[in-house]
Amino acid sequence: MASFFIITKIMENSKIFIENREELKKVLAYFQDYYFFLDKNGIIIDASPNFSIHGFVPIVNKTIKDCIPILDYYKIKSEYKRNFIENLDFSFEIDFYNQRLFIKIIPLKNEETLCIVRDITDKFQSQRVIEASESEYKSLFFNAPNGIAQLTQNFIFQQVNPALCKLLGYSADELIGKSIFNFLLDSKDEIFIHFISQFLSSHDPFEMDLPFLNKQNETLYINLKINTVSNSVGVTQYLLAYFVDVTTTKLNQQLMQNALKEKESLIKEIHHRVKNNLQVISSLLSLQMSYIQNKETLNTFKITQSRVHSIALLHDQLYKSNSLNQVLMNNYIKLLVNNLIQTLRKPKHLVQLNLSVEYLILDIQLASPIAIILNELISNALKHAKSQDEVIELTIEYKTHENQSILYLKDDGIGLPQDFDINKVKSLGLSLVNILTKQINGRLIYYNQNGANFELIF
């Protein structure tokens, strides 16, 4: 509306009066508004040459009544009378043929009147859209089921919805003007401060589950999301915060975590007790062996003891590890070999172990049968590959090939018998190897190459 102000000031301060209407029209030509002049009797005496308002064409020597439909005339006349101020300029808006018009009436010094007309339909409709959008936003804001708040950039409550008031137990007046930090259980929490600092520097959306205190001093866990709201040029106007009560979810998670910890403790205790019970059995076998004179029987007891101890070692590793159902086989195999050396009374300095299974981690369902298979194969190597006083080199490697795992065991001894067939052997140990290999859906390949070689594929 700046043009109306400028025109009025020009007319007030210049010496150009209506006697020189052509000069005034030159001034009006600089603006995009339409205009027409009326004499003191309401007769149109002049109009802008490009006048283009749908439904109204001003005709010189005619009245406005003669130029527009009678109903529209009376509508304009009614607005005119309602806004009329004698001897002063005034303005009003009116709907006319689906248009929104702004009309400025300026009395002139020679009893004539200048009427300036502007089509403000686009602006009016845009304003209506903005108002509708604001109305919809307010409806969503105040009727949302979860808490919403408008915050300053210093995290001060500017506006809050009823859901947030209900959640925290405070009235809107008690919240507005207060910092959001006043309602946090621990606003000095290092993790919270870190994320808030990141938000302030980057203005990326912030989201975090935080403990709040309500008016009754009860702790609530709230999922807090904060976004920045910027204007058209990217300047932050305010922060929009969303509050969702997740207290029940948090408490359920805590209960589940507690139950999981309790379950883990029970499973660890089971592994510990199984290991202890197996050690008791091993000790009983040791006691019994002290009364056995027959070497063959004694050897059978030793082998049985090594099998029991191989399973006890497995449960001990599970008890000591962070995982309750996975075994790091590298550590296990070292302990197993040391145990077999002691059981079979092989001098430790005569056993050279080359171990390369760093990445072999097995779950308990697979680790148990493989532990017994390893126990049998390593026992056979220590007993039969070389004489008791010779150095034996044991190599155990783990590889993967085409989505299959391969556990490779080799000794540098005399090798397997020429007619060796694991399906026909009568010893319990190798029968166990054969049975357990099938149990894990694996394959066992064996051959002689600078000693006995076994490849367990699973």
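Some values worked out for this structure:
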{"read-out": "Relative contact order for the range 268-319, counting Cα pairs under 8 Å that sit 6 or more residues apart, in percent", "value": "65 percent"}
{"read-out": "Long-range amide H partners of V246 with built H, under 5 Å", "value": "Y221, I222, N223"}
{"read-out": "Under the Karplus curve 6.51 cos²θ - 1.76 cosθ + 1.60, θ = phi - 60°, whole-Hz ³J(HN,Hα) for the range 275-286, x wherever Gly or Pro sits", "value": "4, 5, 5, 5, 5, 4, 4, 4, 5, 4, 5, 4"}
{"read-out": "Gyration tensor (alpha-carbon) shape descriptor, the chain, a/c threshold 1.5", "value": "prolate"}
{"read-out": "P(r) weight above 24 Å for the range 251-457, C-alpha pairs, percent", "value": "46 percent"}
{"read-out": "Global form of the range 301-367, assessed from the alpha-carbon gyration tensor, a/c cut-off 1.5", "value": "oblate"}
{"read-out": "Relative contact order (%) - the chain, alpha-carbon pairs under 8 angstrom, separation at least six", "value": "7 percent"}
{"read-out": "Prolate/oblate/rounded call for the range 143-245, Cα gyration tensor, a/c under 1.5 rounded", "value": "oblate"}
{"read-out": "Calculated [θ] (222 nm, deg cm²/dmol) that DSSP helices of n ≥ 4 give over the chain, each run adding -39,500 (n - 2.57)", "value": "-14500 deg cm²/dmol"}
{"read-out": "Angle between the chain longest axis and helix 295-320 axis [Cα atoms, degrees, rounded to 10]", "value": "10 degrees"}
{"read-out": "5 angstrom amide H check on Q159, placed H, neighbours 5+ away", "value": "Q150"}
{"read-out": "The range 45-79 versus the range 238-265: alpha-carbon centroid distance in Å", "value": "72 Å"}
{"read-out": "Cα lying deepest toward the dipole's positive end in the range 302-458, options Y408, V425, S356, charges on Cβ", "value": "V425"}
{"read-out": "Charge dipole magnitude, Cβ of K and R +1, D and E -1 - the range 251-457, Cα centre, debye nearest 20", "value": "540 debye"}
{"read-out": "All lysines inside 20 Å of K386 as judged from Cα atoms, apart from same-chain residues fewer than 8 positions distant", "value": "K295, K302, K346, K348, K410"}
{"read-out": "Positive-pole candidate from H315, L298, Q365, dipole of the range 296-403, charges at beta carbon", "value": "L298"}
{"read-out": "Separation of the K178 and N450 label points, Cα + 7 Å toward Cβ, nm", "value": "8.0 nm"}
{"read-out": "Part-to-part distance (alpha-carbon centres) for the range 351-382 and the range 98-160, which is given in Å", "value": "80 Å"}
{"read-out": "Whole-number percent relative contact order across the range 251-457, with pairs defined as alpha carbons under 8 Å at least 6 apart", "value": "16 percent"}
{"read-out": "Counting DSSP beta bridges with both ends in the chain, the antiparallel % (nearest 5)", "value": "90 percent"}
{"read-out": "Cα-based helix-to-principal-axis angle, 70-83 vs the chain, degrees rounded to 10", "value": "90 degrees"}
{"read-out": "Those aspartates and glutamates that a straight Cα-Cα span of less than 16 Å connects to K215, excepting residues fewer than 8 apart in one chain", "value": "D173, E174, D186, D245"}
{"read-out": "Angle in degrees between helix 364-384 and the longest Cα principal axis of the chain, rounded to the nearest 10", "value": "30 degrees"}
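Readers should treat all values here as calculations from the given coordinates under stated rules, not as data from a laboratory. Predicted model only: the values in this text are computed from it and were never measured. Glycine also receives a Cβ, built like all others from the backbone with ideal geometry; neighbour counts cover every protein chain displayed.
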